[in-house]
Amino acid sequence: MLGQTMELDKLVGELNVADQQIVEIAKALSTKPKLLILDEPTSSLSKEEGEILIKLVRNLAGQGLAIIYISHRMDEIPHVADTLTILRDGKVTGSLTAAEAKTETVVSLMISKDASVHGQKQDMGMPEKEVVLSVNGLSRNKKFRDVSFELHKGEVLGFAGLVGSGRTELLECLFGSAQADSGAITVNGRDIVNPSIRKMIAQGIGLVPEDRRTQGLVLPLTVEDNLVMASYHRFIHHGFVDLTQAKMLSEDVIDKISIKTAGTREMTKNLSGGNQQKIVIGKWINAQTDIILFDEPTRGIDINAKKQIYGIVADLVKQGKSIIFVSSEMEELFHYAIGYA
């Protein structure tokens, strides 16, 4: 029915993300449903993988299956949908045919005003001459080879490339969660030998990972717990946690980057994807990191949340922070990066 082939005895964890999505769809179809609901099925896929999945969805619709397809990717609409319903804050704001669904129209219905996602190119200012991170000849077997670059104070350095091109693995080596086979990493003029997560955090480096739910957050914990988990050093005194100061830090960053939550004690798992992403960023703001590595930071979040993330990045740069911004969306990099790699 799906027209796909794969080894049936292979562990799902060994499959790439695109094949995992196909297994999910096959599992749902095994119950012979009349309606199939797909929630952000391409959010973790490359453009090419997404096109394969969309073709699969259209084939299923052609066989008579009704499909509700939830997505924030505007470019998918004319290829996957017959009709479109737009929601904002849990309420329907409009229904259109695919032919009527111009990006500007959809965006205005989603965020209650006429606006584009990017608008004019952001003025991030000019980075300073000071080099805060230098990478020379970094390589990791079968992932990336001979990578060299410099990141300056107050710079957004954009890294382009498709899923699987080695971008994520490079950031993991810079953050210390994986080891490179060769090459050198220098932070603020200091050579880092045998990088580890603890060592790189101590050097002022934070990572906003590609998969925020499993790598960036502890979902069963509260908003406050997640916001302060990288900054306990700021409010532990003589072995005791200053809970009042922890709460104040959390409330301050919630206000500063507009995290929409019922309060610091709300469970993180109850928040939207965009607000969860803000918590990951807020964690590093609280930790007072000077270099933040962003790996696909706007994947799987709505347009309004995207604009807010871009605003947060711009504010961080104005404060003198240095950013590496990884994205498979070229338009995103053209608008928000100062340098490119």
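The values are calculated or read from the model by the stated rules, or taken from the named source; none is laboratory data. A quick note: this is a predicted structure, and the numbers were derived from the prediction, not measured. FYI the Cβ positions are ideal-geometry reconstructions off the backbone, even for glycines, and counts take in every protein chain you see. The protein model used for the area step is the full one, side chains on, heavy atoms only, and it has no ligands, DNA or RNA in it. Shrake-Rupley method; radii C 1.70, N 1.55, O 1.52, S 1.80 Å.
Odds and ends about this structure:
- Residues that are in contact (Cβ under 8 Å) with a residue 12 or more places away in the chain and either open to solvent by less than 80 Å² (accessible area, probe 1.4 Å) or farther than 27 Å from A28 by Cβ (or both) within segment 75-98 comprise E76, I77, V80, A81, L84, I86, R88, T93, G94, L96, T97, A98, listed in sequence order.
- Selection count where residues are more than 18 Å from G300 (Cα to Cα), of a type in the set (A, V, I, L, M), in contact (Cβ under 8 Å) with a residue 24 or more places away in the chain and surrounded by 13 or more Cβ atoms within 10 Å (Cβ to Cβ), scope segment 48-74: 5
- Filter pass, Q276 being crowded, with 22+ Cβ neighbours inside 10 Å and not in a loop (DSSP other than H, G, I, E, B): yes
- Checking S165, S139 one by one, the residue that is farther than 22 Å from A287 by Cβ, part of a strand (DSSP E or B) and out of contact with any helix residue (DSSP H, G or I) (no Cβ under 9 Å at 6 or more places or on another chain) is S139 and no other.
- Single residue of segment 304-324 satisfying the filter (open to solvent by less than 10 Å² (accessible area, probe 1.4 Å) and not hydrophobic (A, V, I, L, M, F, W, C)) that is modelled with the highest pLDDT: S322
Every residue, every condition in (1) under 27 Å from E210 (Cβ atoms); (2) in contact with an Asp or Glu (Cβ under 9 Å, 6 or more places away or on another chain); (3) modelled with pLDDT under 90, yes or no:
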position: P41; (1), (2), (3): yes, yes, yes
position: I54; (1), (2), (3): yes, yes, yes
position: D82; (1), (2), (3): no, no, no
position: A99; (1), (2), (3): no, no, yes
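- All positions within segment 4-37 that are surrounded by 13 or more Cβ atoms within 10 Å (Cβ to Cβ), in a loop (DSSP other than H, G, I, E, B) and either among the acidic types (D, E) or touching a strand residue (DSSP E or B) at 6+ places or on another chain (Cβ under 7 Å) (or both): none
- Picking from residues in segment 232-261 that are in a loop (DSSP other than H, G, I, E, B) and more than 17 Å from N275 (Cβ to Cβ), the one that is least open to solvent (accessible area, probe 1.4 Å) is F235.
- Given (1) open to solvent by 80 Å² or more (accessible area, probe 1.4 Å); (2) in contact (Cβ under 8 Å) with a residue 40 or more places away in the chain, index of the condition E40 fails: (1)
- Restricting segment 145-184 to residues that are among the charged types (D, E, K, R) and surrounded by fewer than 21 Cβ atoms within 10 Å (Cβ to Cβ), the residue that is farthest from Y310 (Cα to Cα): D181
- Which listed residue, of I301, I281, I285, is part of a loop (DSSP other than H, G, I, E, B) and buried (at least 22 other Cβ atoms within 10 Å of the Cβ): I301
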